[in-house]
1. Which one of these does residue 189 not meet: (1) surrounded by fewer than 18 Cβ atoms within 10 Å (Cβ to Cβ); (2) touching a residue at least 40 places away in the same chain (Cβ under 8 Å); (3) outside any helix (DSSP H, G or I)?
2. Which of the residues that make up the range 192-218 are farther than 26 Å from residue 152 by Cα and part of a helix (DSSP H, G or I)?
3. Within the group 144, 178, 113, 139, which residue is assigned to a helix (DSSP H, G or I) and touching a Gly at 6+ places or on another chain (Cβ under 6 Å)?
4. Filter the range 123-172 down to residues that are among the polar types (S, T, N, Q) and surrounded by fewer than 18 Cβ atoms within 10 Å (Cβ to Cβ) and give me whichever is nearest to the chain's Cα centre (by Cα).
5. How do the pairs read when you match residues in the range 193-211 that are farther than 18 Å from residue 128 by Cα with residues anywhere that are of a type outside the set (Phe, Trp, Tyr) and not in a loop (DSSP other than H, G, I, E, B), using Cβ under 7 Å and keeping only pairs 6 or more apart or on different chains?
6. How many residues, within the range 99-112, are free of Cβ contacts under 8 Å to residues at least 40 places away in the same chain and either under 15 Å from the mean Cα position of the chain (by Cα) or crowded, with 18+ Cβ neighbours inside 10 Å (or both)?
7. Would you call residue 199 surrounded by fewer than 18 Cβ atoms within 10 Å (Cβ to Cβ), within 20 Å of residue 72 (Cα to Cα) and within 14 Å of the chain's Cα centre (by Cα)?
8. Mind listing whichever residues of the range 76-98 are assigned to a loop (DSSP other than H, G, I, E, B) and surrounded by fewer than 19 Cβ atoms within 10 Å (Cβ to Cβ)?
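Readers should treat all values here as calculations from the given coordinates under stated rules, not as data from a laboratory. Just so it is clear, the model here is predicted, and its values are computed rather than measured. Note: ideal-geometry Cβ built from the backbone for every residue, glycine included; neighbour counts use all protein chains shown.
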Amino acid sequence: MSELTWILDPTNGNLTVEGLSAKEVAILAADLLPPARSIDCARPLTTAVLPRPQAVFGPTLRIARIYHGSVVEGPGRRSVVQVQGCPIRCSGCSVFWTHDPSRGVTLSVDQILEELLDPVGEPRDGITILGGEPMAQPLGLVALLRALKNRGLHVVVYSGYTLEALVRRSDPAVHEALHLTDLLVDGPFVASLADRAGEWRGSRNQRIISSPGQFLRGDAEETPTL
């Protein structure tokens, strides 16, 4: 039997169904719900207007957009920042326009933090950082993660690299980012494995790994699993 996940947002009443196509949802509940539409990974219902770039002091990130109220990119209701630029460039990626590192806008971490914590996104259960590829901008990523964790926020990071590949990297910023991440969704998007991927994932090969920094120290009880 296929696994179905039904997510009802108590704030706005939006219903998200994972495990069925939009057509199947319409057939199942046509008499109860408005017309269904597909929401792929990183395709928000609404997107915030980004602030104008200002004189930048301190760490920065080049980003594509910020949005609020996501219920498909980590536990609960989340505010999301999508970074710009991806060296992996997975075939079939639904946000292929985030691959080009020259697009998007460069903002200071302080500006990004202010937009992520906008009251319009409340209530929120945490912050999600995805891409593009967040680990391609490790210094800015670490600065943002530090600021978020200092405020006690739960953080999910998506990376097209596997945890094992990130652990092998010699970049201290990448390793610190892993330590500051509560949940890592790792691995490239594989279009042939997208069907029935399960909650929070774009394709079945991707894993949801809690406290990925523990694998840097080698003191994890076991290797990460799906």
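1. Unmet condition: (1).
2. Let us first name the residues in the range 192-218 that are farther than 26 Å from residue 152 by Cα, namely 192-198, 202-206.
The answer is 192, 193.
3. Details: 144 fails: touching a Gly at 6+ places or on another chain (Cβ under 6 Å); 113 fails: touching a Gly at 6+ places or on another chain (Cβ under 6 Å); 139 fails: touching a Gly at 6+ places or on another chain (Cβ under 6 Å).
When all the criteria are applied, what remains is 178.
4. 150
5. As it stands, the answer is 204/193; 205/193, since those pairs meet every condition given.
6. 1
7. Criteria met by residue 199.
8. Residues of the range 76-98 assigned to a loop (DSSP other than H, G, I, E, B): 76-77, 84-95.
Listed by number, the residues that qualify are 76, 87, 88, 89, 91, 92, 94.
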